[in-house]
Structure formats: structure tokens, C-alpha cells
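Comments concern the structure below.
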Amino acid sequence: MKKSTQLFRNSALLIALGAFFECHPAIAQPRQSPGKSIGSVTTLGELIVVTLDQGALGKANLFDLVRHTLRFTPEAGGYRAENLAFQWDAQYGTGLVGPQATLHNFTFPFSGKSWDSFSVGTNGSLRFGAAQGGSSGGISIARFAQLQEAARSLINTVPAICVFFKPRMSGTRYVKELSDRVVITWDITEPTGNIQDFTWTPTVNRFQAVLRRDGSIDMSYDQIAAKDAIVGLYPIVTGGAEQALATLTGEEHPAVAAHLDIQKIKLTVVDGLFLKVTFETRGPVLPEGDAGMAGVMYRISFDSHKPLPTRAERAHADLVWTIRGVGAFGRGGGASRYVVSGPGVSGSAKASGNTISMQGTLPSLFKAGERIAVFADVETPGTPSTIVDRVPLQTVTLPGIRSPEVDLSVVKRQDGPFSVIYESFHYLSLPNPRDLSCTVIKALGDKFDFLAYYSDFRVDNQEAGTPSNGPSGGNVTGIGQTQRGLEAYCSAGRFQWGFVQPVYVAPTKCRRVRRKG
């Protein structure tokens with residue numbers, strides 16, 4: 001096995017190539033888009049150093065609300081938000097033994113109902129509705145979810161308030177009920193002393209929420225060591241009112257299969273919050289379970305750069321939403337289905353007759369009343385894949401739709417009301433593992449079996465370690481699984497496995513020192 005080590009420094013990545021594997025059961029995976037190079041490569045002895053391209057992992061947005069008090073006031077089915085002079089109630093009340101808090105003096109109006117109880121999570125969240133098992137309480141997200149994506153995915157799941165929602169926190173929750181309000185205070189720490197933790201010693205994270213009889217909500221932040229969390233309000237929005245926004249017209253192409261030939265794309269605004277995209281094709285869209293849907297992609301792109309481009313080939317999309325057909329996969333050979341992807345897109349695709357649709361929220365860079373460029377295409381699988389239909393670029397105005405993403409440090413009352421409002425504080429985005437392997441292999445050749453990555457900057461993950469993956473199956477003897485999907489990793493057959501993301505070296509160094517001591 002080729003042995004080497006590689007490190008990310010600031011905008012660079014260090015990769016270690018070792019003779020070991022993290023073993024998982026072999027499960028067939030859906031076809032993946034090919035990776036690309038995201039930086040330049042140099043070597044330093046047995047180290048491989050990758051200097052990342054500018055913006056390759058997006059931008060970090062770290063917590064900036066210490067000694068702030070945010071007030072959310074209900075109005076017209078939403079909330080006005082504003083910053084107040086810092087307020088803090090030093091009398092915390094009683095520590096909770098479990099997550100459930102019960103009100104005796106009043107009920108709290110939220111998400112269209114009045115509540116006399118709610119769940120207080122050690123992770124800095126409040127959850128309304130049926131109680132869940134466990135002692136941590138509040139809401140939860142997937143183990144490896146990025147906070148910047150999870151913040152969007154929480155919309156319309158359960159009624160919730162994220163005061164400082166950060167998974168894996170622990171500590172004490174206090175509740176004090178008065179005649180017109182209830183004060184909830186958290187004194188908690190980030191996880192410590194384990195292989196997946198970023199610190200050996202407890203950290204101080206002290207914050208408070210005040211829920212009032214009139215429905216107003218205050219959030220105050222006294223002392224916060226953590227830099228990443230979700231803050232915001234997540235009432236359920238289910239009105240379902242649709243407002244037509246625009247219709248993009250395609251051309252008929254008789255040589256293209258009817259389910260791939262786009263005739264129209266309808267854009268509608270749902271409840272003033274969601275953008276719904278409906279592809280209308282010349283013939284019925286393939287239903288889920290049809291083997292022919294594997295690898296088919298319906299894709300729409302949005303560009304807000306000024307001046308707006310006049311042709312799709314000159315555009316630089318700020319946002320891309322995709323409906324992808326995924327073939328049968330998993331041990332049981334589960335049925336093929338459609339999946340949606342892209343920042344802010346939510347739920348699943350809905351296919352009916354000649355239409356297939358998806359919806360989601362727009363990022364904050366898209367402003368109400370702004371004109372943007374929109375274009376679309378349909379792609380079929382192959383090596384390389386083939387675009388079989390395009391809808392030409394058209395410009396669209398965005399009235400009546402508001403992004404729920406807000407800079408809470410400067411938000412003002414006149415900016416609202418918001419039906420949902422939040423800010424996600426996070427580190428740099430996780431790199432695509434296929435991009436990582438392609439960056440190395442394209443520069444140094446297809447001569448590596450295993451790639452392990454290390455960095456001295458953090459990425460948007462709640463664990464200091466990382467899972468691993470590689471070409472589906474791998475050339476592993478004895479389990480009857482053959483390797484495929486190699487082209488996505490820029491390998492012709494050598495590459496087997498790699499870390500999904502770089503491991504943060506700061507806690508790694510701490511652990512080494514601790515072992516020696």
C-alpha cells in the first residue's frame with residue numbers, strides 16, 4: 001500500500017494514507033456524480049498538502065450573539081424580531097430532572113395552539129407536542145447533519161424553538177414559572193473527553209429563554225463558548241395557499257422520450273415561504289419503482305448575479321435544485337425512487353401524471369422583489385451523462401416570498417413579520433469525499449488505496465472524527481461484492497476507501513499529549 005500523509009492548513013488539507021480500513025457491510029449505493037479537483041497539490045516528504053481553492057468549502061458563520069437579547073413578537077401570523085439591551089434573570093428556579101416542563105399559571109400560544117407543557121432539550125431546544133423518549137428532550141437531527149442544512153430541514157417537522165440548538169450538549173436545565181411568563185435557563189457544556197469530542201474540559205454555555213403569556217419570546221446569551229448552533233422559531237406552516245409566480249416554457253423535442261421532454265416549468269409561492277417548482281413533461285413521468293428512472297435528473301438553476309446573464313452557458317448559478325431518480329439499492333434491493341437535493345429543498349419529489357415537483361426555501365441572498373435568472377435541464381445516465389433537454393434562461397421577479405434565514409445580530413422589527421425565522425451558525429461546509437480523492441489522484445496519479453484527511457480548521461460536523469467511504473463495495477474478498485463507481489473517485493481501479501471529511505488536528509494533538517502524560 002502506498003503510504004503518505006496529507007494535511008489541510010487554513011485553506012489547505014493534509015492527507016494521511018494508511019494501511020487500515022474502517023469496515024462496514026457492503027451495501028450497493030446509488031450512482032454518484034463524479035468528483036472534481038478543489039485545490040492544488042504539493043508534497044512535503046511523506047506528506048501530501050492540498051491548498052484548497054478560494055471558497056471551496058463555502059464560508060463559516062460563527063455565533064455572534066453573546067450579551068444580546070432577541071425579542072420575537074407575534075404579529076399577522078408571524079413574528080417581528082429585534083435586538084434589545086441585554087437582559088438576564090439571575091434567579092434560575094428549579095433544575096429539571098427530566099425534559100418535560102409543565103405550566104400551571106397560563107398557556108403559551110405557539111404554532112396555532114396553546115400549550116401547557118413542552119420538552120426542554122439539553123441541546124438548547126424546546127419542542128411542543130407529543131413527548132419523545134429519552135432524557136435529553138427537545139428536537140434532534142441526524143448524527144452527521146450539517147447545521148447549515150439542518151436549519152432548513154427543521155421547517156414543518158415539529159413545532160420548536162431553537163434557543164441555542166447544538167447536538168450532544170449536556171448539563172442542567174432550569175425552569176421558573178411566574179404569573180405571566182416562564183423562564184428557561186441552560187447551563188451546559190459541549191461534549192468532552194471522548195474520541196469524537198473537540199475538548200478535554202467542560203465549556204460554559206449559559207443562555208436563557210422567556211416565554212410570555214402573550215406569545216412573545218426573548219432569547220438572551222450570557223456566556224457562550226461554542227461557536228456553532230441554530231437559533232430561531234419553527235412554528236408549523238401548513239396553509240397551503242399557492243400564488244403563481246412564473247411559467248418557463250420549453251420546446252417540444254419528438255426525438256426525446258416523452259417523460260424527459262419538458263414543456264413547462266411552473267414556479268409558485270406556497271404560504272409566502274416556499275418556492276414550488278413543477279416540471280411538466282410531454283408524457284407521463286416514470287413512477288417510483290420503475291427501473292428506467294435510475295440516473296434521470298430534473299434540474300433547475302437560479303442565478304442572482306448582476307448584471308443577470310442572458311444565456312445559461314454564461315450563468316453562475318447561486319442555487320441548484322435537483323430531482324434525481326435512484327435505482328434499487330440496499331441489502332433488500334429497495335424499490336427505485338426519486339430524491340431531491342439542493343440547499344433549502346425539502347421533503348421528497350411528487351410525481352403525478354405528466355408532472356413532477358419539489359419545493360423548498362430560498363437562501364437569504366435571494367431578496368423579495370428581486371429579479372433573478374432561471375434555467376433548467378434534464379439529464380440521463382451514462383459515462384459521461386447526457387443532457388437531453390434544456391429550458392432556456394428566463395428572468396423572474398420574486399414577489400411575495402421571504403427567506404426565513406436572517407442575520408439575527410442586526411434584525412429589526414420592520415424586517416418582519418416572518419412565518420419562520422432562524423440563523424444557522426456553522427463552520428465550513430463538509431467537502432465532497434469524491435472531490436477530495438479526485439484532487440489528489442488527478443495531481444499525483446491513481447496509486448493510492450486509502451486516503452485519510454486532516455486539517456487545522458473545523459468543518460460543519462458535531463464530531464471531531466469522521467466516517468469513511470469509497471467506491472461501492474470495494475475489492476474486498478469473501479463477501480461477493482465487486483467494485484464500481486470508480487470514475488466518481490477519479491480512479492481506474494486502485495482507490496478503495498477514504499475519510500469522508502478531514503479530521504480536526506487540534507483535538508488529535510491534545511489526545512497525543514494526554515497519552516504521553
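The values are calculated or read from the model by the stated rules, or taken from the named source; none is laboratory data. Computed from a predicted structure; not experimentally measured. All Cβ positions, even for glycine, are placed from backbone atoms using ideal geometry, and neighbour counts span all protein chains on display.
Which one of these is under 26 Å from Val345 (Cβ atoms) and of a type in the set (S, T, N, Q): Thr157, Thr172? Reasoning before the result, please.
On the way: Thr172 fails: under 26 Å from Val345 (Cβ atoms).
Just a single option satisfies the conditions, and that option is Thr157.
Being modelled with pLDDT of 95 or more, small (Gly, Ala, Ser) and either in contact with a strand residue (DSSP E or B) (Cβ under 7 Å, 6 or more places away or on another chain) or under 19 Å from Gly353 (Cβ atoms) (or both) narrows it down to one of Gly283, Gly240, so name that one. Step through it out loud before you land on a result.
Numbers: Gly240 fails: modelled with pLDDT of 95 or more.
On inspection, the qualifying residue turns out to be Gly283.
Do we find that Val269 is at pLDDT below 95 and among the hydrophobic types (A, V, I, L, M, F, W, C) in this structure? I'd like the intermediate steps shown before the answer.
Details: at pLDDT below 95: yes; among the hydrophobic types (A, V, I, L, M, F, W, C): yes.
The answer is yes for Val269.
Identify, from the list Ser357, Ser304, Ser364, the residue that is modelled with pLDDT under 90 and of a type in the set (S, T, N, Q). The conditions single out Ser364.
Regarding Asp460, is this residue in contact with a His (Cβ under 8 Å, 6 or more places away or on another chain) and among the acidic types (Asp, Glu)? First the steps, then the outcome.
Numbers: in contact with a His (Cβ under 8 Å, 6 or more places away or on another chain): yes; among the acidic types (Asp, Glu): yes.
Answer is yes for this residue.
I'm checking my understanding of the structure. Among residues of the range 399-438 that are of a type in the set (A, V, I, L, M, F, W, C) and within 17 Å of Val345 (Cα to Cα), which one is surrounded by the fewest Cβ atoms within 10 Å (Cβ to Cβ)?
Our first condition is that a residue be of a type in the set (A, V, I, L, M, F, W, C); within the range 399-438, this holds for 401, 406, 408, 410-411, 418, 420-421, 425, 428, 430, 436, 438.
From the residues that got through so far, the ones that are within 17 Å of Val345 (Cα to Cα) too are 401, 420-421.
Working: Ile401: 22, Val420: 25, Ile421: 26.
Looking at the filtered set, the residue picked out is Ile401.
Taking the range 123-153 as the range and being closer than 29 Å to Pro431 by Cα, surrounded by fewer than 24 Cβ atoms within 10 Å (Cβ to Cβ) and out of contact with any helix residue (DSSP H, G or I) (no Cβ under 8 Å at 6 or more places or on another chain) as the test, the residues that pass are Ser140, Arg143, Phe144, Gln146, Leu147, Glu149, Ala150, Arg152, Ser153. Which one is nearest to Thr238 (Cα to Cα) among residues in the range 116-143 that are touching a residue at least 24 places away in the same chain (Cβ under 8 Å) and of a type in the set (A, V, I, L, M, F, W, C)? Once the filter is applied, the top-ranked residue is Phe128. In the set (1) closer than 26 Å to Ser153 by Cβ; (2) in contact with a strand residue (DSSP E or B) (Cβ under 9 Å, 6 or more places away or on another chain); (3) touching a residue at least 12 places away in the same chain (Cβ under 8 Å), the condition left unmet by Val391 is number (1).
As for the range 64-85, it holds no residue that is at pLDDT 95 or above, out of contact with any Gly (no Cβ under 6 Å at 6 or more places or on another chain) and more than 26 Å from Ser424 (Cα to Cα). Among the residues making up the range 80-98, those that are surrounded by fewer than 14 Cβ atoms within 10 Å (Cβ to Cβ) and either among the polar types (S, T, N, Q) or within 19 Å of Glu405 (Cα to Cα) (or both) are Gln87, Gln91, Thr94.
Restricted to the range 456-473, and to residues there that are part of a strand (DSSP E or B) and at pLDDT below 90, the residue that is farthest from the chain's Cα centre (by Cα) is Ser472.
So, in the range 259-296, how many residues would count as being aromatic (Phe, Trp, Tyr) and under 16 Å from Arg324 (Cβ atoms)?
Final tally of qualifying residues: 1.
Could you check the range 379-431 and list, in sequence order, the residues that are among the polar types (S, T, N, Q), part of a loop (DSSP other than H, G, I, E, B) and closer than 17 Å to Gly78 by Cα? Walk me through it before giving the result.
In the first step, residues of the range 379-431 are kept if they are among the polar types (S, T, N, Q); the result is 380, 383, 385-386, 394-395, 397, 403, 409, 414, 419, 424, 429.
When the remaining residues are screened for being part of a loop (DSSP other than H, G, I, E, B), the result is 383, 385, 403, 409, 419, 429.
The answer is Ser403, Ser419.
Applying the condition of being surrounded by 17 or more Cβ atoms within 10 Å (Cβ to Cβ) and out of contact with any Phe, Trp or Tyr (no Cβ under 7 Å at 6 or more places or on another chain) to the range 62-79 and asking which residue is nearest to Ala226 (Cα to Cα) yields Leu70.
Say whether the condition of being farther than 30 Å from Asp187 by Cα, among the aliphatic types (A, V, I, L, M) and surrounded by fewer than 20 Cβ atoms within 10 Å (Cβ to Cβ) is met by at least one residue in the range 218-240. No, that holds for no residue.
From the set of residues in the range 241-254 that are of a type outside the set (Gly, Ala, Ser) and either under 14 Å from Asp271 (Cβ atoms) or assigned by TED's automatic domain parsing to the domain that holds Gly124 (or both), which is surrounded by the most Cβ atoms within 10 Å (Cβ to Cβ)?
Step one: of the range 241-254, the residues of a type outside the set (Gly, Ala, Ser) are 242-243, 245, 247-249, 251-254.
Within this subset, residues satisfying the condition of being either under 14 Å from Asp271 (Cβ atoms) or assigned by TED's automatic domain parsing to the domain that holds Gly124 (or both) are 242-243, 245.
Working: Glu242: 14, Gln243: 13, Leu245: 19.
Residue satisfying both the conditions and the ranking: Leu245.
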